Amino acid sequence: MINMKKILLFLLIFSLSEMALARVDITKPPEDSVDAENLRIWIPIEKSSSCRVIIDILDQKGKIVRQLANRLLGKGYYNYYWDKRDDNGKFVEPGKYKYKASGRIVNREGEVKVVYKEWERKCNIGLIDIKKSNQLFVELKDDSALVSIDVLKFNGELVDKPVIDSVMNKGYHTFVWQPEDHVLTGRYKAKVMVGDYQQTFIVWRIR
């Protein structure tokens with residue numbers, strides 16, 4: 001007999017993975033400059049006509065681990081950056097991978113390299129709700145993580161340090177940025193640092 005609960009649970013997990021992958025901006029370079037160079041895929045479209053381009057990431061055995069893009073591109077030069085995840089949203093093993101970009105007027109192959117920082121695969125960082133973008137979460141998969149959060153203006157000026165070198169253990173941690181009254185309404189950058197890994201998010205000061 002078919003277990004509908006298991007099927008529904010699988011579909012939910014699959015949908016969440018798809019949503020997570022869809023939110024990744026593969027045209028935005030990683031904050032780490034080494035990652036940005038290791039994971040960059042450059043696509044030139046030098047003819048005036050548009051072309052559908054498919055970018056696949058393959059392991060050393062030639063197996064496709066991720067279809068990074070399937071897009072209609074016009075004339076121009078494009079950079080794409082792999083987020084080190086497979087089609088199921090899971091981090092791949094470190095090492096060298098191949099990419100293949102194919103289309104009617106595009107045929108490029110090359111190599112990308114996956115290197116991880118110590119805490120990169122041991123934490124998830126993000127906004128709890130994009131509609132309430134002053135709320136962040138840090139999910140830790142191991143103990144004794146040194147966590148800090150800096151809030152900055154877009155020119156890099158420090159506005160607030162709501163979390164300073166706090167040692168946190170395995171689990172799900174939430175943070176709500178509640179700035180002092182003198183902080184103006186508007187958008188800011190929240191830099192979340194977990195050990196040697198960091199990510200930056202847009203947060204709002206709403207009165």
With runs of 4+ DSSP H residues as the only contributors, calculate the mean residue ellipticity of the chain at 222 nm using -39,500 (n - 2.57) per run, divided by the residue total and rounded to the nearest 500. -4000 deg cm²/dmol
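In debye to the nearest 20, how big a dipole does the chain give about its Cα centre with +1 on each Lys and Arg Cβ and -1 on each Asp and Glu Cβ?
Details: 35 positive and 28 negative charges, 203 e Å.
The calculation lands at about 980 debye.
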Order of 190-200, 162-172 by packing, highest average Cβ count within 10 Å first? 190-200, 162-172
Using just the alpha carbons, could you tell me how many Å³ per residue the convex hull of the chain encloses? 181
Using a 10 Å cut-off around each Cβ, can you sort His173, His182 from fewest to most neighbouring Cβ atoms? His182, His173
Cross-link list Lys100/Lys191; Lys75/Lys153; Lys98/Lys191; Lys122/Lys189: which exceed 26 angstrom alpha carbon to alpha carbon? Lys100/Lys191; Lys75/Lys153; Lys98/Lys191
Please report Lys84, Lys98, Lys61, Lys161 as a ranked list, fewest other C-beta atoms within 10 angstrom at the top and most at the bottom. Lys61, Lys161, Lys98, Lys84
Residue (of Pro29, Trp42, Gly76) at the positive-pole extreme of the chain, dipole from beta-carbon charges: Gly76
HN-Hα J in Hz across the stretch 70-81 - Karplus 6.51, -1.76, 1.60, θ = phi - 60°, x for Gly and Pro: 8, 9, 8, 10, x, 4, x, 10, 10, 10, 10, 10
Once the Cα atoms of helix 4-23 and of the chain are each reduced to a long axis, what angle between those two axes, in degrees from 0 to 90 to the nearest 10, is obtained? 90
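Please report the equivalent ellipsoid semi-axes of the stretch 27-144, computed as sqrt(5 x eigenvalue) of the Cα gyration tensor, largest first, in whole Å.
Numbers: eigenvalues 175, 69, 30 Å².
In descending order, the three semi-axes are 30, 19, 12 Å.
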Of Tyr99, Tyr116, Gly126, farthest towards positive along the dipole that unit charges on Lys, Arg, Asp, Glu beta carbons give the chain: Tyr99
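No value in this document is a laboratory result; all are computed from the given coordinates. Worth saying up front: this structure is predicted, and the values here are computed from it rather than measured. Note: ideal-geometry Cβ built from the backbone for every residue, glycine included; neighbour counts use all protein chains shown.
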